[in-house]
Amino acid sequence: MALLRKINHILLMMLVLIVCLLLHSKLFRGPPRPKLKRTETRKDPERAPKVPVEKAAEGGDDIPVVICAAEERMGGAMATINSIYSNTDASVFFYIVTLRDAIKLTRQYIEKTKLKGIKYKILEFNPMVLKGKVKPDSSRPDLLHPLNFVRFYLPLLDISHQRVIYLDDDVIVQGDIKDLYHTKLEKGHAAAFATDCDLPSTHEMVRSVGMQTTYMGFLDYRKQEVRDLGINPSDCSFNPGVFVADIGEWKKQKITKQLENWMQENLKKNIYSSAMAGGVATPPMLIVFHDKYTIIDPLWHVRHLGWSPDARYPETFLQGAHLLHWNGRFKPWDYPCVHLDLWEKWFIPDPTGKFLLVRPEGKI
């Protein structure tokens, strides 16, 4: 009996030891390695779908610039980006907004050219947001392009910065973009624009080609809804192709909602149209921001270069301008156009060959 008890005692001790070893193994071993599906283990990493390359995360010290890149005007947007990137030592972050069909071309244009060093994020704009707010108009179909309305929706874009610069794609920046970015906005102002009555040097150009510089040229004052606004028709207008925006103040004042309301008002009562000077994207901005914007240094928005194929500014004046804008029908990538040399020095050929310059006598 004594021998049996001794054997049982030894077996019990061994059992306890085994239990202790199992517990130790469970508590202190590392987590199990995840099992891969068969499809994952066979996948060739070189053929795997690539994550969209955005180059870098947004940083607090960046100068954020929002610019649209339409497929048919891609070379213009890239020239703008190149001029900004080449003329500053600041860290610039580009938010490049485009439509789904042009995302691939946008990325190729950057990654296969000298622009591959920029910091950027490509944002897709969904044109369905404009449904029921804009009606077709054949007089200037280019002014109805969905990307023309991106500026209305800045707070809805995937942007992490609280202040941004918005630029049209027919712009060349000759100055240091950080100077424009540091424009001091007045209290309660959501944006800063250049007024159309600012530069005496542009007045002769304005008179020679009959450009509109007041609200009369953009709104139909025959309509009661316009007269009810109480805006003097001789008040100076502004061009919304270049501006600095405070996103927080924009949200606070519900600017996007106000702009949409005026788009829908025009849809019902035709208080402005693309046949007028600014198309359908400028008038809502003029209404919503009337007497509620800060004025930027006029040399940061020298415009009207695309208004006429013949009227020219003095070269000495343009050399001192910080930003040039070919607003109007005559774009620098087409022909005819004036001051082409100031634009072409920043143009980067499309590596895919889709975007080509149009030049006289069939030369491209």
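State yes or no: is residue 333 open to solvent by 20 Å² or more (accessible area, probe 1.4 Å), part of a loop (DSSP other than H, G, I, E, B), touching a residue at least 40 places away in the same chain (Cβ under 8 Å) and under 23 Å from residue 174 (Cα atoms)?
So residue 333 does not fit the description; no.
Could we say that residue 266 is closer than 25 Å to residue 153 by Cα and open to solvent by less than 50 Å² (accessible area, probe 1.4 Å) here?
When the stated conditions are applied, residue 266 passes them.
Give the residues of region 313-323 that are assigned to a loop (DSSP other than H, G, I, E, B) and more than 17 Å from residue 345 (Cβ to Cβ), sorted by residue number.
Scanning region 313-323 gives a single hit, 314.
Look at residue 241 and say whether it is open to solvent by 10 Å² or more (accessible area, probe 1.4 Å) and more than 19 Å from residue 133 (Cβ to Cβ).
no
Looking at region 55-87 only, could you name the residues that are more than 30 Å from residue 335 (Cα to Cα) and modelled with pLDDT of 95 or more?
62, 63, 64
Being surrounded by 14 or more Cβ atoms within 10 Å (Cβ to Cβ), touching a strand residue (DSSP E or B) at 6+ places or on another chain (Cβ under 8 Å) and at negative phi is the requirement here; does residue 153 meet it?
no
Taking residue 253 as meeting all but one of (1) polar (S, T, N, Q); (2) modelled with pLDDT under 95; (3) open to solvent by 10 Å² or more (accessible area, probe 1.4 Å), write down the number of the exception.
In the conditions (1) polar (S, T, N, Q); (2) modelled with pLDDT under 95; (3) open to solvent by 10 Å² or more (accessible area, probe 1.4 Å), residue 253 misses (2) alone.
Just to confirm my filter: which strands (runs of 3 or more DSSP E) fall fully inside region 86-190 and include at least 2 residues that are of a type in the set (A, V, I, L, M) and more than 28 Å from residue 304 (Cβ to Cβ)?
Because the criterion is at least 2 residues that are of a type in the set (A, V, I, L, M) and more than 28 Å from residue 304 (Cβ to Cβ), the strands (runs of 3 or more DSSP E) in region 86-190 that meet it are 119-124.
Taking residue 321, is it over 22 Å from the mean Cα position of the chain (by Cα) and not charged (D, E, K, R)?
yes
Identify the residue in region 277-303 that is aliphatic (A, V, I, L, M) and in a loop (DSSP other than H, G, I, E, B) and, among all such residues, is farthest from residue 194 (Cα to Cα).
Restricting to residues being aliphatic (A, V, I, L, M) and in a loop (DSSP other than H, G, I, E, B), the top hit is 280.
Looking at region 211-238 only, could you name the residues that are free of Cβ contacts under 8 Å to residues at least 40 places away in the same chain and surrounded by 13 or more Cβ atoms within 10 Å (Cβ to Cβ)?
Within region 211-238, 213, 214, 216, 221, 227, 233 qualify.
Kindly indicate which of 353, 306 is at pLDDT below 95 and either surrounded by 21 or more Cβ atoms within 10 Å (Cβ to Cβ) or assigned to a loop (DSSP other than H, G, I, E, B) (or both).
Residue meeting the stated conditions: 306.
Does region 93-105 hold any residues that are surrounded by 20 or more Cβ atoms within 10 Å (Cβ to Cβ) and either modelled with pLDDT under 95 or in contact with a Phe, Trp or Tyr (Cβ under 9 Å, 6 or more places away or on another chain) (or both), and which are they?
Across region 93-105, the qualifying residues are 93, 94, 95, 96, 97, 98.
One residue is enough: does region 317-326 have a residue meeting the conditions surrounded by fewer than 19 Cβ atoms within 10 Å (Cβ to Cβ) and touching a Ser or Thr at 6+ places or on another chain (Cβ under 9 Å)?
For region 317-326, residues surrounded by fewer than 19 Cβ atoms within 10 Å (Cβ to Cβ) and touching a Ser or Thr at 6+ places or on another chain (Cβ under 9 Å): present.
The values are calculated or read from the model by the stated rules, or taken from the named source; none is laboratory data. None of the values given here were measured: they were computed from a predicted structure. Ideal geometry is used to build each Cβ from the backbone, glycine not excepted, and the neighbour counts take in all protein chains shown. Accessible surface is based on the protein model in full, side chains and every heavy atom, while ligands, DNA and RNA are left aside. Shrake-Rupley method; radii C 1.70, N 1.55, O 1.52, S 1.80 Å.
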